[in-house]
């Protein structure tokens with residue numbers, strides 16, 4: 001057993017069985033490859049490391065060996081490593097990931113120039129039809145050069161997935177390890193939602209009492225963010241309408257930030273009602289507040305001498321009740337959280353809510369159960385389809401639960 005096998009799959013099994021060539025070039029972003037390699041391994045992948053000479057001057061091969069469990073390939077020998085792993089050899093890999101990819105390496109791959117192990121692996125992989133992902137990293141002026149842009153366009157024409165760099169501090173920095181992971185999982189997925197537009201609501205809304213005080217709930221946004229990530233993994237174009245939350249949204253999705261229930265309602269209706277980019281499905285996972293203050297105070301309320309504060313509350317708009325009225329063809333996955341109910345009562349309540357919203361599916365959970373619901377990394381849910389079919393998902397990571405929900409959505413959308 002390799003010394004990193006104990007962590008394999010500890011975060012998830014999305015990459016189980018995947019053999020990934022991780023090719024590292026001489027950008028300073030190569031300092032992050034240990035984190036990236038371990039993250040991919042924790043989701044089930046086996047990493048085959050390849051390093052350019054410039055990369056070895058920044059990160060030691062011994063450290064890469066420790067991170068991946070395999071001696072990095074530093075040069076091509078009589079074993080024909082490039083053919084063995086990236087071509088039609090006996091031990092083919094499933095994907096080539098060039099991270100980080102310098103402007104120099106990108107240009108050579110685009111021109112099929114093979115003067116380093118990295119570029120030779122890339123030429124063979126593209127020629128063999130092995131999926132190739134490239135994560136550029138360079139200074140901003142280099143990224144803006146027309147030749148570099150042309151080279152990136154050429155790679156895309158070759159079918160290479162270019163993971164957009166992040167502009168910051170005058171640089172085009174390599175995408176985060178989480179973004180690279182998302183693109184990797186998307187590459188290996190069945191792509192059942194490819195070509196579909198999915199809108200996900202997530203997080204909690206807040207309703208202002210005065211400019212600084214709010215009424216809200218304990219939702220962390222973890223479940224909704226996991227659903228957005230799972231839908232992206234399945235190939236969908238995802239819009240995430242995100243209220244308050246404790247987790248960062250996936251970098252790959254189109255993000256719309258909101259605060260109040262009214263703002264979330266307006267954002268959802270604007271997208272659902274847009275005929276130019278029709279939404280195929282809405283996953284309404286946000287914990288939208290049910291009440292708002294009838295009249296918000298314009299200034300911060302004084303409390304020093306206040307013995308009692310009375311608020312007049314009015315209902316907030318019910319987003320899931322407006323979706324089908326706005327777009328009858330949009331598939332709707334509703335969510336329902338209840339507290340301390342019997343299973344029969346929980347399912348009966350969920351069916352009633354599903355019928356009222358004309359939802360195609362509803363996912364329901366009892367947040368009184370340990371490890372399920374708000375502010376946890378796990379969840380247990382029951383899914384009910386409009387035809388009465390019920391599926392129970394036992395306590396699992398929220399990303400796993402999200403994946404199961406997305407699988408059920410694919411059935412509703414009649415995806416192959």
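Observations, loosely collected:
- Residue in segment 271-283 that is more than 25 Å from residue 383 (Cα to Cα), touching a strand residue (DSSP E or B) at 6+ places or on another chain (Cβ under 9 Å) and in a helix (DSSP H, G or I) present: yes
- Residue match in segment 400-410 (condition: under 15 Å from residue 364 (Cα atoms), without any contact (Cβ under 8 Å) to a residue 24 or more places away in the chain, surrounded by fewer than 16 Cβ atoms within 10 Å (Cβ to Cβ) and in the same structural domain as residue 332 (by TED's automatic domain parsing)): no
- Residue check, residue 271 surrounded by fewer than 18 Cβ atoms within 10 Å (Cβ to Cβ) and in the same structural domain as residue 211 (by TED's automatic domain parsing): no
- Any hit, segment 244-259, residues being farther than 25 Å from residue 174 by Cα, crowded, with 24+ Cβ neighbours inside 10 Å and at pLDDT 95 or above: no
- Those helices (runs of 4 or more DSSP H) of segment 98-193 in which at least 2 residues are crowded, with 19+ Cβ neighbours inside 10 Å and assigned by TED's automatic domain parsing to the domain that holds residue 39, considering only elements entirely within it, cover 103-111, 117-128, 146-157, 177-188.
- Residues within segment 314-365 that are in contact (Cβ under 8 Å) with a residue 40 or more places away in the chain and exposed (fewer than 14 other Cβ atoms within 10 Å of the Cβ), tallied: 1
- Residue match in segment 212-228 (condition: assigned to a strand (DSSP E or B), buried (at least 20 other Cβ atoms within 10 Å of the Cβ) and assigned by TED's automatic domain parsing to the domain that holds residue 290): no
- Residue 239 modelled with pLDDT of 95 or more and touching a helix residue (DSSP H, G or I) at 6+ places or on another chain (Cβ under 9 Å): yes
- Sole residue being over 27 Å from the mean Cα position of the chain (by Cα), outside any loop (DSSP other than H, G, I, E, B) and surrounded by fewer than 21 Cβ atoms within 10 Å (Cβ to Cβ), chosen from 63, 39: 63
- Looking at 69, 17, just one residue is surrounded by fewer than 15 Cβ atoms within 10 Å (Cβ to Cβ), over 27 Å from residue 107 (Cβ atoms) and touching a strand residue (DSSP E or B) at 6+ places or on another chain (Cβ under 9 Å), and that residue is 17.
The values are calculated or read from the model by the stated rules, or taken from the named source; none is laboratory data. Remember, predicted model here, so these are calculated numbers, not experimental data. Please note: Cβ atoms are built from the backbone with ideal geometry, for glycine as well, and neighbour counts cover all protein chains shown.
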